[in-house]
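Contents: one structure, followed by commentary.
The values are calculated or read from the model by the stated rules, or taken from the named source; none is laboratory data. If you're wondering where the values come from, they're calculated on a predicted model, not measured in any experiment. Please note: Cβ atoms are built from the backbone with ideal geometry, for glycine as well, and neighbour counts cover all protein chains shown.
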Amino acid sequence: MAYSLILGYLAAILSPLIVLSLSSPQTYHSIIYDTGRHFALTAFAILIMQVVLAARLRIVDRNFGLNNVFPFHRNMAILAGSLLLLHPFLLAWGGRKWPLVTFLDLPWYIWVGRLTFLLLLANAFMSIFRDRIGVKFETWRLGHDISGSLILAGAFVHSWYTGGDLADSLPLRVWWLALIALAVGLFAYHRLVRPQLLRQHPYRIMEVTPEAEGVWTLKFAPPEGRQRFDFHPGQWQFVTLLRGRGLPEEEHHFTISSSPAEKDFHTSTIKELGDFTSTIGQTEPGDRAVIHAPFGIFSHVMRPEVRDLVFIAGGIGITPFMSNLRHMRDTRADKRVLLLYANRREADIAFRAELAEMEAGAAPDLSVVHVLSRPEGDWQGEKGRLDQEKLRRLCGRERLDQAMFYVAGPPGMLEAVISALQDLKVPDSRVSVEYFAF
Ligand SMILES: Cc1cc2nc3c(=O)[nH]c(=O)nc-3n(C[C@H](O)[C@H](O)[C@H](O)COP(=O)(O)OP(=O)(O)OC[C@H]3O[C@@H](n4cnc5c(N)ncnc54)[C@H](O)[C@@H]3O)c2cc1C
């Protein structure tokens, strides 16, 4: 299925060229000029597909994991921007002459194209450097939605009035209208209709439990008269807490930390990190939550044939592993699991007692190794960072040669572990990574 989707995506972004070559196969222009036209047509289709990629489609999530699609979405924006940057230069070079690029006194629809391109550049720049500039996520997302809509509208208007391709080809004009209708329809459903539908059936907070220093577990009850959604262990949810009391109402991603075998509730375990999560301890039983779920593919059930697993967790990256381990325990799964759990201090270790209990239980065959980077007192366990030496020693050659590795945690730790696993000759096909930030 994943390959069919990739082919479908390629067909979609090349669809304007396919329609054009079928409807108007003849060209009277130079190759350079035609390349410039084709770049713009392809860039328009890429922009349409950006909306499709961002619309949280189940079929996309099931095959690639939604959180893995967002970096692809960003890279495709960069590709579209590059094609559009080259577009006027190639047209000028290929026959339209340089005033197209240098003159100010040009028709309004050329200016629409220029401004759309500048907006796309600004949009991509903000998306890449948001964190470094210090723009709040919610402010960025609102700006991204508004500028994204203006970019699509601008690209549509520019191509409709400027391009000879559209003027000469009725099939291409029809296809253009179909593409923009798809984007507008999906965007309206994703950003306006679906949030309202989800709000009609909010979940209820049953309990708020401290789990470690600055870490809280929220327990959610399904909406009145409804069943909880089904999910795979390790999947995540979009949560918007409706708490009132002046507390922020924002949508955030949180992994589901409970086992799918618990049918009457589910939980997320959340670490105080920034402006929103630092209010998580103020959530109270009875508060409501809008939930859109489940998403993600970071789950042992996606590879049922694998028996030997190594889970590597950094800090709050433990949450998907708790869900996976609890599910293995509840289903008495015949799995052998080594959990390497890295934290700064002992006080940061969440679920310590439950992990010890699972280690002593029959299934799964679990071994837990705690690794502390800044231990206090007389910590007798592993110290320092999870580097190549520790991974080699703790995993052993047998696991390095055959186990499936799952890694979740803060970006710095993820990069270090992935690179150490590569140095230890563990192929990428046996490493699954969950990014908690984009
Ligand atoms: C797939 C996935 C699963 C996650 N699971 C967990 C979990 O189980 N437990 C947990 O504690 N954390 C989890 N996180 C991380 C959690 O989403 C962020 O810590 C939280 O959104 C930070 O919000 P903040 O405003 O408190 O922090 P800030 O300091 O404002 O933001 C820190 C970073 O979080 C991201 N972020 C902030 N606001 C949002 C938002 N509204 N939507 C999306 N991203 C945002 C941005 O990249 C930002 O740079 C997960 C993230 C992802 C992507």
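Worth a mention:
- Among the numbered conditions (1) under 20 Å from the mean Cα position of the chain (by Cα); (2) aromatic (Phe, Trp, Tyr); (3) over 18 Å from THR240 (Cα atoms), the only one that PHE276 does not meet is (3).
- Residue that is surrounded by the most Cβ atoms within 10 Å (Cβ to Cβ), among those in segment 95-123 that are over 21 Å from TRP160 (Cα atoms) and modelled with pLDDT of 90 or more: ASN123
- For segment 163-185, the criterion of being within 16 Å of the ligand (Cβ to nearest atom) and either over 23 Å from VAL52 (Cα atoms) or assigned by TED's automatic domain parsing to the domain that holds PHE44 (or both) is met by no residue.
- All conditions but one from (1) touching an Asp or Glu at 6+ places or on another chain (Cβ under 6 Å); (2) more than 15 Å from the ligand (Cβ to nearest atom); (3) not β-branched (Val, Ile, Thr) apply to GLU250; the one that does not is (2).
Okay, residues lined up against (1) assigned to a strand (DSSP E or B); (2) in contact (Cβ under 8 Å) with a residue 60 or more places away in the chain:
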site: VAL369; (1), (2): yes, no
site: ARG374; (1), (2): no, no
site: ASP378; (1), (2): no, no
site: LEU386; (1), (2): no, yes
site: ARG392; (1), (2): no, no
site: GLY396; (1), (2): no, no
site: PHE405; (1), (2): yes, yes
site: ALA408; (1), (2): yes, yes
site: GLY412; (1), (2): no, no
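- Test for LEU41: is it in contact (Cβ under 8 Å) with a residue 40 or more places away in the chain and touching a Pro at 6+ places or on another chain (Cβ under 7 Å): yes
- Looking only at segment 129-148, and only at residues there that are of a type in the set (A, V, I, L, M, F, W, C), part of a helix (DSSP H, G or I) and surrounded by 13 or more Cβ atoms within 10 Å (Cβ to Cβ), the one that is farthest from the ligand (Cβ to nearest atom): TRP140
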